[in-house]
Structures are given as structure tokens and as C-alpha cells.
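**Q** Shown below is the structure under consideration.
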Amino acid sequence: VRRRQARFISVTAAKFTAEQRSEGQSSENSAKEDAQEAQYEHDIRQRILSASLVYVQELGWTQKALEAGAKDEGLPPIAHGMFPRGGAELVHYFYSKSNEELAEILSADVKEAEAKGEKLKTQTFIQNAIETRLRMIFPYMDIWPQAMAIQALPQNAVDSWTNTLNLMDEIWYYAGDRSTDFNWYTKRMTLFAIYKSTEVYMLQDKSADKEDTWAFLNRRLKDLENIAAAKKSCEQNSDVFKEAVKGFAVMGRNVLGFNSRDR
Amino acid sequence: MLAASGTIGRRWISTSVNSVKKAKTRKLLDKIIRVDHAGEFGADRIYAGQLAVLKKSSVGPMIQEMWDEEKHHRETFEKLIVEKRVRPTVLLPLWNIAGFALGAGTALLGKEAAMACTVAVEDVIGDHYNNQIRELMEDDPEQHKELLEIVKKFRDDEMHHHDIGLEYDAEKAPFYNALTQVIKIGCKGAVWISERI
């Protein structure tokens, strides 16, 4: 039913541009028409989503908020049918738009630092980036647990995973990471753990301006630094480690009798 | 930098025209560069495996030459990964091991088998690059001009390797048909999955 509604809406919307359509479409034009129609539908969706965000506080990340947003845009409330997954699409929209905004802020910061000739310290940069991004959630703080729950649903898993991975990628890219091997993943996964834990902590933080959350974030990033330092010192000690492993292997073979000529 | 976050319901004005088309192109580029990087990385490891076994044989220098070209290919795609903000495939460690194992394994069967492996892999890669050229041309030949040049040149290089393989008696390898078929199927599977994850 929702898909039919979506189709109905898009066809109705297309009819609003009937006067812009030429009659007797040739096959070359029809591909272009399809593309234009798809873009038109996309633009309407973006407008509705943008208008619906004001209603999220009172109506939640739901279809009702989309109806209210559609009404604001002068479209019939049934236009919520353009969003078969309802509130999840609103959450996805908010998340991806926030990510884009963060990318712009970080890009400007990096350019500014380059212009001044300063070198940004990675840990500070990442901490500021995460803090900026979490602050974008502040206006929706009361209703954010609902958004997190929606993101956790299996049908929204792909979207929310893509959003979060993009966010991690943006932060690391502007922090200077240019890796092209598996480190790409390890870095983003560790940051994901930090970001998620900070986000959850933030939900129950009652301090002024969430300063406890930023202290928590700082501690997590310090942990990361400690792990990296420990790993480095492990690598330096690896010769000792290798010798130890060899020693145990020889001992094992002795115990099992493989080194004896009488076997 | 800690910009005060907006009030509730700030409107984001969509400034991008043709954002649907842009998103489609982005997905295409992402897929193409990811799988090409995985392919060149795998090829790099295959030649490394072959050279590890056949370094002192008569085909050693030839393999070294082909390996150097593959290294150049891989570096080009690594630059593209950074430039176009593409995610590398998560299976890189797997291709690392599998590629080396394939190269060393076929080399242990003899130098003709190593050449047969080269022929099979380069054959799949050649077709694959041709498909990508078609996809890029369909999408937007103007925008992808640089990438098209790169893919065309690399396709020609891979075809050259394919011909070298045949020249160096690949067809005399034991079980040539079966060997090349198995390797081709493996490569196609690797290409399919690297495009996705």
C-alpha cells in the first residue's frame, strides 16, 4: 500500500510539471525525462524531510512528523507515502545532513590551519570533531533515544551503518589519515567504538553543557593513545617475543619426543 | 570550530542540482576504484609469489618486469582511493594471502604453470577493464576522462602481460585448460565480491 501511495504521489507530483513536458517523447528524451522526474521527486522529498524536522520534538521520528512537514510545504498529508519507511527516513536524513555539515566545518578548519601554517594535533582535532558532531544532536536530545532505536532495527541497518561509516571516514580524512590498506578499517572501527560509547554516555549525562561527556570522550581518546603506544612498545620487544615463542616450540617438541633420535 | 549547533528544525537548503545523478556516479566510481585497487593488489601479490619460487629461473627477469608494472598500477589506484575518497575492500588481507598462495602454488607446478596463471588472470582482468570502460562511457565520458585514460592504458598493459604469458609457453602447462578455468572462476568471484564489500 505504501509503495502504491509513493507511486501515486510521484505521478501526481509529475503532473504538476505537465506543462513542462513535451508531447511525443522520443526514446532519447525519455531517459532524460526519467532522470528529471527522479530528480524532481528527490527534491520534493528533501523539502518535506527538511520541513518535518521542526515537528520531531513533539511528534517523534514518525510518520506524523512527515505529515506535518508535508502540510507545511503545501503538499497533502498523504505525501508521507513517499517515505515507505516512515520515521527511519527522517532519522537517516538528519544523520546524513549533519555529517555533510560536519565535513564542511572540518574542511574549513583544515584549510584555515594550512593557511596559518599550523599543524593540528590529531587527538585534539578528533575530539573537537566528535564534540561538534554530537552537539548537532542537542536540539533533539530528548527524542534521540528513539532515533537510536530506529537505527538499530534490522531494516534500517544498512542505512545507519553507511551513515556511521561515512562519519568516521570524514573525521579521519580531515584528521589526516590517508591509509589505503586494512588500517583504513581498523582506524574507523576504533573511532566508531569511541563515538558510540560517547553518544550513549551523552544520553544520560545531566551535567551543564554536557561537560562530563566531553571529559569521557577525552578519556576514551587517551585510552586509544595508550593502546597505540603499548602496541609500539610491543613491536620493539618483538624480538624477545619471537625468541620466547621459539623457545616454547622447542620445549614442546622435546616434551613430545620429536627431537629424540630414538623416536 | 565548536560552532553553536542550530536551533531545532534548522532548514538545510539543498544546493546540489542533479544530486540523484551525482549519487549514482559516486556509487559507480566507488565500486570501480575499489575493485580495481583490489585487483592490482592481488596481481602484485601473485607476481610476488611467482617470483619467490622462480627468481633464479629463465622467466625470473620477465616476471620481475611484469611485477614492476603491477606495482605501478597499484600505486596509481592507491592515489585514486585517496583522491576520490573511496573505501578500499575489506578483504585486502585475504587477497594478500590468496594472491601470494596462487602465485607460489602455480610457480611450484613449473614455470609454464606460472605463465598459465598469468594468462588466466590477465584474461579476466582485460574483460573486466573493458566492461568498466563501457560503464564509464555510458555514465559520463567527459567527467571520467582521466579515469578512462588510466583504465585504457592499464587494460593495454594487462593484455600485453597476457600475450607474454602465451609467448612463454603457458599452453604447455600441465592441465592447462582445467588450471586456467579454475583460476578464471576464482578471479571472477573475487572481482564480484570486491565490488560489493
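The values are calculated or read from the model by the stated rules, or taken from the named source; none is laboratory data. Bear in mind the structure is a predicted one, so any value in this text is a computation, not a measurement. Don't worry about glycine lacking a Cβ; one is built from the backbone with ideal geometry, like all the others, and counts go over all protein chains shown.
**Q** For the structure I just gave you, tell me whether A:Ala147 is within 13 Å of chain B (Cβ to nearest Cβ), hydrophobic (A, V, I, L, M, F, W, C) and over 29 Å from B:Leu94 (Cβ atoms).
**A** Considered against the rule, which asks whether it is within 13 Å of chain B (Cβ to nearest Cβ), hydrophobic (A, V, I, L, M, F, W, C) and over 29 Å from B:Leu94 (Cβ atoms), A:Ala147 comes out as no.
**Q** Taking B:Leu51, is it assigned to a helix (DSSP H, G or I) and either modelled with pLDDT of 95 or more or within 12 Å of chain A (Cβ to nearest Cβ) (or both)?
**A** Judged against the criteria, B:Leu51 is not a match.
**Q** Now, a different point. Could you check how many residues of segment A:152-164 are touching a residue at least 24 places away in the same chain (Cβ under 8 Å) and either within 14 Å of another protein chain (Cβ to nearest Cβ) or within 15 Å of the chain's Cα centre (by Cα) (or both)?
**A** 5
**Q** Additional query: How many residues, within segment A:174-198, are crowded, with 20+ Cβ neighbours inside 10 Å, of a type in the set (Phe, Trp, Tyr) and more than 10 Å from chain B (Cβ to nearest Cβ)?
**A** So the count comes out to 2.
**Q** Please give the number of the condition A:Glu89 fails out of (1) buried (at least 20 other Cβ atoms within 10 Å of the Cβ); (2) under 13 Å from the mean Cα position of the chain (by Cα).
**A** Only one criterion is unmet by A:Glu89, namely (2).
**Q** Looking for something within 10 Å of A:Thr180 (Cβ to Cβ), at pLDDT below 95 and within 14 Å of the chain's Cα centre (by Cα) - is there at least one such residue anywhere in segment B:90-113?
**A** For segment B:90-113, residues within 10 Å of A:Thr180 (Cβ to Cβ), at pLDDT below 95 and within 14 Å of the chain's Cα centre (by Cα): present.
**Q** Only residues that are in a helix (DSSP H, G or I), within 15 Å of A:Ala88 (Cα to Cα) and among the small types (Gly, Ala, Ser): list them for segment A:38-68, please.
**A** Listed by number, the residues that qualify are A:Ser50, A:Ser52, A:Ala65.
**Q** Here are B:Gly186, B:Gly165: which of them is of a type outside the set (A, V, I, L, M, F, W, C) and in contact with a Cys (Cβ under 9 Å, 6 or more places away or on another chain)?
**A** Every option except B:Gly165 fails the conditions.
**Q** Then there is this: Considering (1) closer than 22 Å to B:Ile63 by Cα; (2) under 15 Å from the mean Cα position of the chain (by Cα), say which one B:Ile193 fails and leave the rest.
**A** (1)
**Q** Can you find even one residue in segment A:63-73 that is more than 12 Å from chain B (Cβ to nearest Cβ), under 15 Å from A:Ile143 (Cα atoms) and without any contact (Cβ under 8 Å) to a residue 60 or more places away in the chain?
**A** yes
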